[in-house]
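Scroll down for the structure; my scribbles are underneath it.
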Amino acid sequence: MANNGNPTQAYRPYSLKKILTNHTRAVSCVKFSKNGKLFASASLDKTLSVWSSETLTKLFSLTGHSDGISDLAWSSDSTYICSASDDRTLRIWDARSAECVKTLKGHSDIVFCVNFNPQSNLIVSGSFDDTVRIWDVKTGKSLHIIRAHAMPVTSVHFNRDGSLIVSGSHDGSCKIWDASTGALLKTLIDDKVPAVSFAKFSPNGKFILVATLDNTLLWNYSTGKFLKIYSGHKNRVYCIASTFSVTSEKYIVSGSEDHCIYLWDLQGKNLVQKLDGHTDTVVSVTCHPTENMIVSAALDNDRSVRVWVQH
Amino acid sequence: MNAPIIDPLQGDFPEVIEEYLEHGVMKCIAFNRRGTLLAAGCSDGSCVIWDFETRGIAKELRDKDCVAAITSVCWSKYGHRILVSSADKSLTLWDVVKEERIARTTLPQTPLQARLHPGSSTPSICLACPFSSAPMIVDMNTGNTTVLPVSISDTGNGVVPPSRNRFSDGSAPFSPTAACFNKYGDLVYVGNSKGELLIVDHKNVLICGIVPVPGNAVIKNMVFSRNGQYLLTNSNDRTIRIYENLLPLKGGLKFLEESNHAGDEQDGFEKLKAVGSRCLALFREFQDSITKVHWKAPCFSGDGEWVIGGSASKGEHKIYIWDKAGHLVKILEGPKEALIDLAWHPVHPIVVSVSLTGLVYIWAKDYTENWSAFAPDFKELEENEEYVEREDEFDLMPETEKVKESDVDEDEEIDIMGVEKDSAFSDSDMSQGEICFLPADPSPDVPEPQDKFVGSNSKQGDSNQSVSALSEEAGQSGRLTSHISTPLEAMDNSAAEDNGGTSSRRNRRASEVM
């Protein structure tokens, strides 16, 4: 129920701007670069595509993985992309030259999630081999191998200053790690059910947005208490990425298995909009860093990347 | 930051050697302002910048004109420039990001220490302490040097005729002097061979105040704490002294000038001593009264709460840690190699020491298991607490089944964007574009035959795969700690992968701790 103060302006809805079809299989992830000029999409068709945010056209493809890709991340200066693949490796690509610069090997199973730290000298990855690895970008060596969970790791993210890593797993737990030593600092949730499908820090690093396979929660991790629940969407099976939209009012944006994109008001937790159009589960959403633009990606029946803007 | 969930029970100083860094023979070290980069001067004239987070080399500053050992290295305030002094009598100023040499000057004598002016983000003037003559201000752009006074002349007006300090006339004695800038660089504090602390206005080359140090022993080192409130002196009488800075941090010079005009009519030396007593007050003295060891490279911790000093005895690598009240809290003991330089990390409880062999040891807190981290509602207790159960604790009352209470106000406004200013860096001016890290460009892979994963589902991995998570601990010698914890539910903690390889790779060595 909406009980926050009167908004200064009426909510301006998002609407579809463009449908981008390029991948030949399910699209697993879309992310804007930190400077907002580009966004990249990763797919089970083993490729990544890099698009211009301005013209909404594809600039180039990145090929090289021998199996599908589940996640991607941009470095802070928007020059490098790291992709996590079912072929058990991660690859670092140079987004200027469209070439693969480095392959990170070490995981013994599917690599499912990846992120750069803000300084972009470290990469964190989570895998179906239950471990979280911290890699040195320069040399490609694993600096820490953390036996993080008892089941596949679904999500890893650095906080604002790169000192902490949050990891979520199918084993139902969400844990916080010290990035420099790999030591466990806190366990946020410990129930075996439901699985934690996604976790990320808020932009200021004080809160963690956690998605479990029944609803989405916003936690204050230093007190260990959850503060808000966002529900109404359908998330029973897939690891759907959600995110913060901060360019105008503050929203939580998430995909859903009912093929829609849900937007909730951050404070009031009320649903402000439901974007429909996709024809399969919307598994990933990303918000432009400065403009009111959302890009979403959907699974096999759809295979498209859709761009939504606020009028 | 992660401050709220780190266990506050442990003291904030390091305890064991965590790693060592190896690259050629390193001689001196300096952290940048935030401790994300560590610059190390080497015996071959190059300066290596380590990324302290990855413990890998971020940059190497090498100049073909300089091949003599580096005697000191100093960062500019926001990390844009590095000044190195070398045994070939030169000072070189580097632009860190561009890896270019900005300027180079040669002095009449080898500078043992050189410090950039701390008040500017692109400083070109520096304070150099040569081997056996008075410290001087050097303008790196023009090469001009201004020798600073080290003692009161007989005329007593506080200004020393320049010829007094020239080594060439033979009359000036061997007078090693220590000197340092205050926090904003408007004053230079000089310690002379008569055991006097001089407060010098370096622009006008004028001694403003004098503080005689008890014991009158030669002063070897001087350094201010990061917040500029305490000054440390290391004297030949084997004593480290801490002085409290009574001047205001900003505009200390102006304050001195104003109070001078209002001063009493005393003759030169007494007047300067009176002024000096208004600038510095002796706060603490540290010494080892049993071994009476000389101290090497003493300095403050980042927050000024601790003082460390290395033992200058050749056969040992000992670091003494005192708290500000004067208590010796720890002696860190490393391998039997002399210690030649020491630095405390600006933010973390980490100490870095350089040994005579050229290795840089990183000392950190001993990793202890945080048991309360394993479950959300675990809490660590310092000691056993008696638990008295409630009267109805074990009663079965189905109607009042425990509901997951949320005593949190779910309507509370949450701020996901606001960031607090980091109090440890209160004077940072973000418009200066501080360099906190150097961009890490992945070094390209050596091309190898394409790995074939098609149709292979086994977890064994093929020969191209590097060490798997299960076997990374095998066969690594010299490992200090392996983080194994009792699993609650088959959840182990991290174990770092060690790789041999190039000489700049990190390694571990055992250490004894007292």
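A count restricted to the stretch B:131-148 and to residues that are outside any loop (DSSP other than H, G, I, E, B) and either under 19 Å from B:I207 (Cβ atoms) or of a type in the set (F, W, Y) (or both) stands at 5.
So, in the stretch A:145-162, exactly how many residues are assigned to a loop (DSSP other than H, G, I, E, B) and either surrounded by 21 or more Cβ atoms within 10 Å (Cβ to Cβ) or more than 8 Å from chain B (Cβ to nearest Cβ) (or both)? It would help to see each step written out before you state the result.
So the first thing to find is which residues in the stretch A:145-162 are assigned to a loop (DSSP other than H, G, I, E, B), and the list is A:147-152, A:159-162.
Okay, now just the ones that are also either surrounded by 21 or more Cβ atoms within 10 Å (Cβ to Cβ) or more than 8 Å from chain B (Cβ to nearest Cβ) (or both), so A:147-149, A:151-152, A:159, A:162.
Going through the stretch A:145-162 one residue at a time, the tally reaches 7.
Taking the stated definitions as given, is A:S231 crowded, with 17+ Cβ neighbours inside 10 Å and either within 20 Å of A:S169 (Cα to Cα) or free of Cβ contacts under 8 Å to residues at least 40 places away in the same chain (or both)? Here the answer is no, as A:S231 does not meet what is asked. If we scan the stretch A:104-120, do we find a residue that is more than 19 Å from A:F201 (Cα to Cα), under 19 Å from the mean Cα position of the chain (by Cα) and assigned to a strand (DSSP E or B)? So far as the stretch A:104-120 goes, yes, one or more of its residues are more than 19 Å from A:F201 (Cα to Cα), under 19 Å from the mean Cα position of the chain (by Cα) and assigned to a strand (DSSP E or B).
Considering the stretch A:236-311, the qualifying strands (runs of 3 or more DSSP E), each wholly inside and each with 3 or more residues that are of a type outside the set (S, T, N, Q) and either surrounded by fewer than 23 Cβ atoms within 10 Å (Cβ to Cβ) or modelled with pLDDT of 90 or more (or both), run over A:251-255, A:261-265, A:271-275, A:282-287, A:293-298, A:304-310. Please tell me if A:T181 is over 18 Å from A:C113 (Cβ atoms) and not basic (K, R). Yes, satisfied. Within the stretch B:361-394, being within 9 Å of chain A (Cβ to nearest Cβ) and farther than 30 Å from B:K336 by Cβ holds for B:E369, B:N370, B:S372, B:A373, B:F374, B:A375, B:P376, B:D377, B:F378. For beta carbons closer than 6 Å, sequence separation of 6+ or different chains, a first residue in the stretch B:38-58 that is within 14 Å of chain A (Cβ to nearest Cβ) and a second that is aliphatic (A, V, I, L, M) and not in a strand (DSSP E or B), the qualifying pairs are B:A58/B:L438. If the condition is being surrounded by fewer than 20 Cβ atoms within 10 Å (Cβ to Cβ) and under 18 Å from the mean Cα position of the chain (by Cα), then the stretch B:227-261 contributes B:N227, B:Q229.
Quick one: would you say A:L122 is more than 9 Å from chain B (Cβ to nearest Cβ) and either of a type outside the set (K, R) or farther than 22 Å from B:A58 by Cβ (or both)? Before the answer, list the steps.
On the way: more than 9 Å from chain B (Cβ to nearest Cβ): no; either of a type outside the set (K, R) or farther than 22 Å from B:A58 by Cβ (or both): yes.
Answer is no for this residue.
When the residues of the stretch A:164-180 are filtered to those that are buried (at least 20 other Cβ atoms within 10 Å of the Cβ) and part of a loop (DSSP other than H, G, I, E, B), the one that is farthest from the other protein chains (Cβ to nearest Cβ) is A:H170.
Applying the criterion of at least 2 residues that are within 14 Å of another protein chain (Cβ to nearest Cβ) to the strands (runs of 3 or more DSSP E) found wholly in the stretch A:36-99 leaves A:69-74, A:80-85, A:90-94. Number of residues in the stretch B:198-222 that are under 25 Å from the mean Cα position of the chain (by Cα) and over 18 Å from B:I137 (Cβ atoms): the value is 4.
Tell me, please, whether a residue that is β-branched (V, I, T), at pLDDT 90 or above and crowded, with 23+ Cβ neighbours inside 10 Å can be found in the stretch B:88-95.
Step one: list which residues in the stretch B:88-95 are β-branched (V, I, T), which gives B:92.
Filter once more, so that each one left must be at pLDDT 90 or above: B:92.
From what is left, the residues that are crowded, with 23+ Cβ neighbours inside 10 Å are B:92.
Yes, the stretch B:88-95 contains a residue that is β-branched (V, I, T), at pLDDT 90 or above and crowded, with 23+ Cβ neighbours inside 10 Å.
Here are A:K186, A:K192: which of them is part of a loop (DSSP other than H, G, I, E, B) and over 19 Å from B:I416 (Cα atoms)?
Details: A:K186 fails: part of a loop (DSSP other than H, G, I, E, B).
After applying the criteria, what remains is A:K192.
Flag: A:L227 matches the condition of being modelled with pLDDT under 90, aliphatic (A, V, I, L, M) and assigned to a strand (DSSP E or B). Going through (1) of a type in the set (G, A, S); (2) more than 10 Å from chain A (Cβ to nearest Cβ); (3) in contact (Cβ under 8 Å) with a residue 60 or more places away in the chain one by one, B:S353 falls short only on (3). Selection of the stretch A:5-49 for residues being buried (at least 19 other Cβ atoms within 10 Å of the Cβ) and β-branched (V, I, T) yields A:V27, A:V30, A:T47.
The values are calculated or read from the model by the stated rules, or taken from the named source; none is laboratory data. Only a predicted model underlies this, so the values are computations on that prediction, with no experimental measurement involved. Positions of Cβ are generated from backbone atoms using ideal geometry, with glycine treated the same way; all protein chains shown enter the neighbour counts.
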